[in-house]
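Undergrad: Structure below; questions to follow.
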Amino acid sequence: AMVGGALISVYPDDLTFLFELDKPCYCNLKVVNNSEHHVAFKVKTTSPRKYFVRPNASVVQPWDSCTITITLQSQKEYPPDMQSKDKFLIQSTRVAASTDMDEIPPDTFNKEADKVIEEMKLKVVYTLPSGSSDDSGVTSSANRSFKQGGDDLSMLKNASIEEIQTIQRLKDERDNNLQQNQQMQRELLSILTFGF
């Protein structure tokens, strides 16, 4: 999904981070200039210490686009209920064609009478990587054979009953985790409201 105004469109309309502890997580945002004008944009967030935004301001040529990389810095703990209250705001406005993309005048986004500044709000969504991270090669190949359908156990004929039960249990746990993840994502989407 994309959110858009007269000047720019932004894709996607939510910033979705695959959340992993103690690792930076990345999300790319595409800004598309919908006009025949040069457009400057600026990215603001309610949690500036938590995110790196590169570039956080730039000029997009007419009908061109620009990709922004947003990095969620490595977090030490999971957020409550895997929900983020962080929001991003993208401001955009027409600028002169001669504007240097790295030296945007500081008053560009001041709200003056004759200037139109578009604002778009994006919310942050955290998702968990699917499946458990400690799947060994054996487990994942066995999972595949269970998935393919009932009787393809020939590859496991040398496995003991315990091993087969263990693999079945891991598979059940994984499926259970996936369902919980999907449920959490649905709840997240319904809970995240839009106050900035």
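The values are calculated or read from the model by the stated rules, or taken from the named source; none is laboratory data. This structure is a prediction, so every number in the text was calculated from the model and none was measured. Note that we place each Cβ from the backbone using ideal geometry, even for glycine, and neighbour counts take in every protein chain shown. Protein only, heavy atoms only, side chains kept; ligands, DNA and RNA dropped before computing areas. Shrake-Rupley method; radii C 1.70, N 1.55, O 1.52, S 1.80 Å.
Undergrad: So which of Lys121/Lys171; Lys123/Lys171; Lys85/Lys171; Lys44/Lys115; Lys23/Lys111; Lys76/Lys111 end up more than 31 Å apart by C-alpha? Could the numbers behind the result be given before it?
TA: On the way: Lys121/Lys171 40 Å; Lys123/Lys171 33 Å; Lys85/Lys171 33 Å; Lys44/Lys115 19 Å; Lys23/Lys111 38 Å; Lys76/Lys111 38 Å.
From the list (Lys121/Lys171; Lys123/Lys171; Lys85/Lys171; Lys44/Lys115; Lys23/Lys111; Lys76/Lys111), the Cα-Cα distance tops 31 Å for Lys121/Lys171; Lys123/Lys171; Lys85/Lys171; Lys23/Lys111; Lys76/Lys111.
Undergrad: I'd like to check one number: the per residue accessible area of segment 1-137, probe 1.4 Å, reported in Å² as a whole number.
TA: 55 Å²
Undergrad: With r as the distance between the Cβ atoms of Arg186 and Ser74 and R0 = 30 Å, compute the FRET efficiency 1/(1 + (r/R0)^6) and round to 0.05.
TA: Computed FRET efficiency for Ser74 and Arg186 comes out at 0.65.
Undergrad: Ok, one more. Please give the FRET efficiency for Val116 paired with Asp14, using the beta carbon to beta carbon distance and R0 = 25 Å, rounded to the nearest 0.05. Could the numbers behind the result be given before it?
TA: On the way: r = 25 Å, r/R0 = 1.01.
Efficiency computed from Cβ-Cβ geometry: 0.50.
Undergrad: Can I ask one more? Cα to Cα, under 19 Å, and not fewer than 8 places away if on the same chain: which aspartates and glutamates meet these conditions relative to Lys50?
TA: The reachable aspartates and glutamates, counting only those whose Cα sits under 19 Å from Lys50, are Asp14, Glu20, Asp22, Glu77, Asp81, Asp86.
Undergrad: Pop a pseudo-label 7 angstrom from the Cα along the beta-carbon direction at both Leu178 and Asp64 and give the gap in nm to one decimal.
TA: 4.3 nm
Undergrad: Per the Debye formula with a single identical scatterer at each Cα and no solvent contribution, what log10 I(q)/I(0) holds for segment 8-127 at q = 0.09, 0.16, 0.17, 0.20 Å⁻¹?
TA: -0.27, -0.76, -0.83, -1.06
Undergrad: Looking only at segment 47-71, which residues have a backbone nitrogen under 14 Å from a spot 7 Å from the Cα of Asp100 in the C-beta direction?
TA: Within reach of a label on Asp100, which here means backbone N under 14 Å from a point 7 Å along Cα→Cβ, segment 47-71 contributes 59.
Undergrad: Now for a separate question. Give me the percent of accessible area attributable to carbon and sulfur for segment 8-127, probe 1.4 angstrom. Provide the component values of the computation, followed by the final result.
TA: Numbers: 3140 of 6480 Å².
Roughly 48 percent, rounded to a whole number.
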